[in-house]
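**Student:** After the structure tokens below, expect a handful of questions from me.
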Amino acid sequence: MPAIAIRQDISVCELRRQARLEEDGRVAARLLAIATVLNGHSRAHAARLGGMDRQTLRDWVHRFNAEDVAGFGVSGSRPSRWWKLEGGQERRRSGRLC
């Protein structure tokens, strides 16, 4: 399967700058992985640097091509905080207070 083309309207320097300014480390890793590929490195190397496999990098390239950098922030659901209550109280899943 041939590699997917990555959009060229954003420079490597701009991607790296946005990664530096990004507060979410996962988004920064995605930006740096794409910048690494655009800089001429292999996708396998870029995926390793970004802490993902090649298929995941491929999925993020698709999202980057379609939605620009704005699409990187949405990565699925995060674990819920069902156990937190106001004032530092905790409760069990059964609903009973400890």
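**Student:** Would you tally the residues in segment 21-33 being assigned to a helix (DSSP H, G or I) and surrounded by 13 or more Cβ atoms within 10 Å (Cβ to Cβ)?
**Tutor:** 8
**Student:** Which of (1) open to solvent by 20 Å² or more (accessible area, probe 1.4 Å); (2) outside any loop (DSSP other than H, G, I, E, B) is the odd one out, the single condition Ala47 does not satisfy?
**Tutor:** Ala47 satisfies all of (1) open to solvent by 20 Å² or more (accessible area, probe 1.4 Å); (2) outside any loop (DSSP other than H, G, I, E, B) except (1).
**Student:** Residues to consider are Gln8, Gln55, Gln18; find the one that is part of a helix (DSSP H, G or I), on the phi < 0 side of the Ramachandran plot and open to solvent by 60 Å² or more (accessible area, probe 1.4 Å).
**Tutor:** Sole residue among the options that is part of a helix (DSSP H, G or I), on the phi < 0 side of the Ramachandran plot and open to solvent by 60 Å² or more (accessible area, probe 1.4 Å): Gln55.
**Student:** Here is a check on your reading of the model: is Gly71 part of a helix (DSSP H, G or I), at pLDDT below 80 and open to solvent by less than 60 Å² (accessible area, probe 1.4 Å)?
**Tutor:** Considered against the rule, which asks whether it is part of a helix (DSSP H, G or I), at pLDDT below 80 and open to solvent by less than 60 Å² (accessible area, probe 1.4 Å), Gly71 comes out as yes.
**Student:** If the requirement is being within 14 Å of the chain's Cα centre (by Cα) and closer than 20 Å to Ala66 by Cβ, which of these qualifies: Leu49, Leu32?
**Tutor:** Leu32
The values are calculated or read from the model by the stated rules, or taken from the named source; none is laboratory data. This one's a predicted model, so the numbers in the text were calculated from it and none came from an experiment. Here Cβ is always computed from backbone atoms with ideal geometry, including for glycine, and neighbour counts include all displayed protein chains. Surface accessibility is based on the protein's heavy atoms, side chains included, excluding ligands, DNA and RNA. Shrake-Rupley method; radii C 1.70, N 1.55, O 1.52, S 1.80 Å.
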